[in-house]
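The values are calculated or read from the model by the stated rules, or taken from the named source; none is laboratory data. The shown structure was predicted, so the numbers you read here are calculated from the model rather than taken from an experiment. Cβ placement follows ideal geometry from the backbone for every residue including glycine, while neighbour counts extend to all protein chains displayed. With ligands, DNA and RNA removed, areas are computed over all heavy atoms of the protein, side chains included. Shrake-Rupley method; radii C 1.70, N 1.55, O 1.52, S 1.80 Å.
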Amino acid sequence: INESSGGASKSQRVMVIGGDGYCGWATALHLSKKGYEVAIVDSLVRRLFDHQLGLDSLTPISSIHDRIRCWKSLTGKSIELYIGDVCDFEFLSEAFKSFEPDSVVHFGEQRSAPYSMIDRSRAVFTQQNNVMGTLNVLFAIKEFREECHLVKLGTMGEYGTPNIDIEEGYITITHNGRTDTLPYPKQASSFYHLSKVHDSNNIAFTCKAWGIRATDLNQGVVYGVRTDETEMHEELCNRFDYDGVFGTALNRFCVQAAVGHPLTVYGKGGQTRGYLDIRDTVQCVEIAIANPAKAGEFRVFNQFTEQFSVNELAALVTKAGEKLGLDVQTTSVPNPRVEAEEHYYNAKHTKLIELGLKPHLLSDSLLDSLLNFTIKYKDRVDTKQIMPSVSWRKMGAKPRTVTA
Ligand code: NAD
Ligand code: USQ
């Protein structure tokens, strides 16, 4: 592993767990293009959730096998594939022993807050899948690849919305005359976001106890779809979620504008979060890999480029839609979540910039191309999937079949 800043050694072997998903697929291709040896590990469970809930990506997506074949035929580059569940330690051990990664990028979790709030079994699944999966990855590193750098996808949602500035992972506090630098307080507000808090605690502990090197990327909400590599061929096209369970704010608003559905602002719309373009997701991960944490270090980066309230996003999409001749309306939907709707928000995000991130900020031209992209696929939209169907308050122990 190259310890010097910025110097990626091109023969580095990177295991991308969750490499069939939205962030993972774009990242796997980007790293492969940059000369890293890449292996994708994925259970394909995300495709199963879509079947079970009756959802589909806006974009047609090829099977992982066809995706990888297409990449090889276009670029000559091979991506290894391990289909299996990281909660199955035997499977994960075999993948580690066979691939021998220098870095593991771990995207492979159940990532939807609404999914984790459907019912008891989905809440339990989310925490088991995410927390046990990450624990297994930590054990695999300790057992088979001690020097391997873990790059773990966390979330800005771990911090919640405190009434003070959000720091990158740690805060220095003076209490009764003594001073210490401590983990920043966590106030997550879904069983999904809480699973990330539990992961962070387990990773921090194993860095201390076993000398694991880890970077927790507390990522904000991702938007966009095209990256240089996924746009090379339609078989490489990324997924694009717009439904009420897996769709995220800005991507949903663009699809809503394209089909003439009013933009679904939940509650007062003052909910403010950090956002980033998917082209910056892949850039940030590459930066983290090229500049590994030291042995025993638990590093935390806040991975977003700009912050917006939901109302601000709705206004931006309305303006961009009007330029394309769309009539964009907004509706206030009773908030299905329990969250602050008007609050202070100021989160630091300088560490990735210091390491060389060149952000793609949300611009008129990006919104324009994202809207045109959603218009291109608008006949595939199932408008029944747009309104939220999961309530934070009403969830219970009873198994629930979600129907639009
Ligand atoms: P996604 O659902 O599109 O992809 C996740 C992938 O992980 C899927 O292909 C799924 O099959 C796989 N997976 C899940 N559990 C697994 C397991 N136990 N074993 C093997 N594979 C498993 O999600 P995404 O949007 O690409 O998110 C990737 C990561 O980034 C997640 O950890 C998520 O929490 C984080 N993140 C995403 C966003 C966002 O806006 N999309 C924002 C911040 C953080
Ligand atoms: N929201 C609306 N209308 C919508 C959708 C969302 O008002 O139609 C609001 C939500 O109430 C929330 C905010 O927009 O206040 C963001 O919601 P979201 O669904 O876009 O994102 P979230 O649930 O926070 O989750 C997503 C990813 C998750 C990741 C997280 C980063 O699904 O994997 O961890 O973004 S963060 O938000 O920083 O925690």
Residues whose modelled amide H sits under 5 Å from the amide H of GLY274, counting only those 5 or more places away in sequence or on another chain, are VAL221
At a 1.4 Å probe radius, which order do TRP71, TRP392 fall into by accessible area, largest first? TRP392, TRP71
Enumerate the whole-percent occupancy of each 5 Å bin, from 0 to the last occupied one, for all C-alpha pair distances of segment 18-65. 5, 19, 28, 24, 13, 7, 4, 1
Based on the mean of other Cβ atoms within 10 Å per residue, sort peptides 360-366, 264-270 so the most packed one is first. 264-270, 360-366
Once each part is reduced to its C-alpha centroid, what is the distance from segment 223-267 to segment 298-363 in angstrom? 14 Å
Excluding ligands, DNA and RNA, what is the solvent-accessible area per residue of segment 246-389 at a probe of 1.4 Å, expressed in Å²? 41 Å²
Could you check the simple spin-label distance between SER391 and HIS360, using points 7 Å along Cα→Cβ, in nm with one decimal? 3.9 nm
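Show LEU182, LEU31 ordered by accessible area, largest first, where the area counts protein heavy atoms only and the probe is 1.4 Å.
Working: LEU182 70, LEU31 0 Å².
Ranking LEU182, LEU31 by accessible area, largest first, yields LEU182, LEU31.
Go through segment 282-313 and name the GluC sites (Glu not before Pro) that are in a DSSP coil and have 16 or fewer other Cβ atoms within 10 Å of their Cβ. If you can, show how the numbers build up before the last one.
Values: sites: GLU286, GLU297, GLU306, GLU312; in loops: GLU297.
Passing sites in segment 282-313 are GLU297.
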Jot down the per residue volume, in cubic angstrom and as a whole number, of the convex hull over the alpha-carbon atoms of the chain. 137 Å³
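Over segment 254-404, what number does the Rg to Rh ratio reach, with both radii from the alpha-carbon atoms and Rh per Kirkwood? Mind dumping the intermediate values first?
Numbers: Rg = 18.5 Å, Rh = 18.1 Å.
That ratio equals 1.03.
Roll a 1.4 angstrom probe over the protein heavy atoms and tell me the percent of accessible area of segment 11-147 that is carbon or sulfur. Mind dumping the intermediate values first?
Details: 2520 of 5090 Å².
Carbon plus sulfur share of accessible area: 49 percent.
How many percent of DSSP beta bridges within the chain run antiparallel, rounded to 5? Walk me through the intermediate numbers first.
Values: 10 of 49 bridges.
Percent antiparallel among DSSP bridges in the chain is about 20.
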Rg ratio (alpha-carbon, reference 2.2 N^0.38 Å) - segment 98-160: 1.29
Measuring from label point to label point, each 7 Å out along Cα→Cβ, what is the ASP165 to GLU94 span in nm? 5.1 nm
Shape of segment 28-125, Cα gyration tensor, a/c cut at 1.5: oblate
Would you grab the residues whose amide H sits under 5 Å from the one on ALA347? Only those 5+ places off in sequence or on another chain, please, with H modelled 1.01 Å from N. ILE166
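If I take all pairs of Cα atoms in segment 192-320, what percentage of them are more than 22 Å from each other?
49 percent
Given a 1.4 Å probe and every protein chain left where it sits, what share in percent of the accessible area of segment 359-404 is carbon and sulfur?
Details: 1510 of 2920 Å².
Summing carbon and sulfur atoms, their accessible area is 52 percent of the total for segment 359-404.
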Hull shadow area, averaged, segment 70-127 [alpha-carbon convex hull, nm²]: 5.9 nm²
CD proxy at 222 nm, helix term only [per DSSP H run n ≥ 4: -39500 (n - 2.57); per residue of the chain; nearest 500]: -10500 deg cm²/dmol
Does segment 138-236 classify as rounded, prolate or oblate by the C-alpha gyration tensor (a ≥ b ≥ c root eigenvalues; a/c under 1.5 gives rounded; else a/b over b/c gives prolate, otherwise oblate)? oblate
Could you please state how large a percent of the accessible area of segment 244-319 is carbon and sulfur, counting protein chains only and using a 1.4 Å probe? 56 percent
Under a 5 Å amide H to amide H cut-off, with H placed in plane at 1.01 Å, what residues pair with ARG299 once short-range neighbours are removed? ALA214, THR215, ASP216
To the nearest Å², the heavy-atom accessible area per residue of segment 40-191 with 1.4 Å probe amounts to 44 Å²
Report the label-to-label distance for VAL124 and GLN52 in nanometres (one decimal), using points 7 Å from each Cα along the Cα→Cβ vector. 1.3 nm
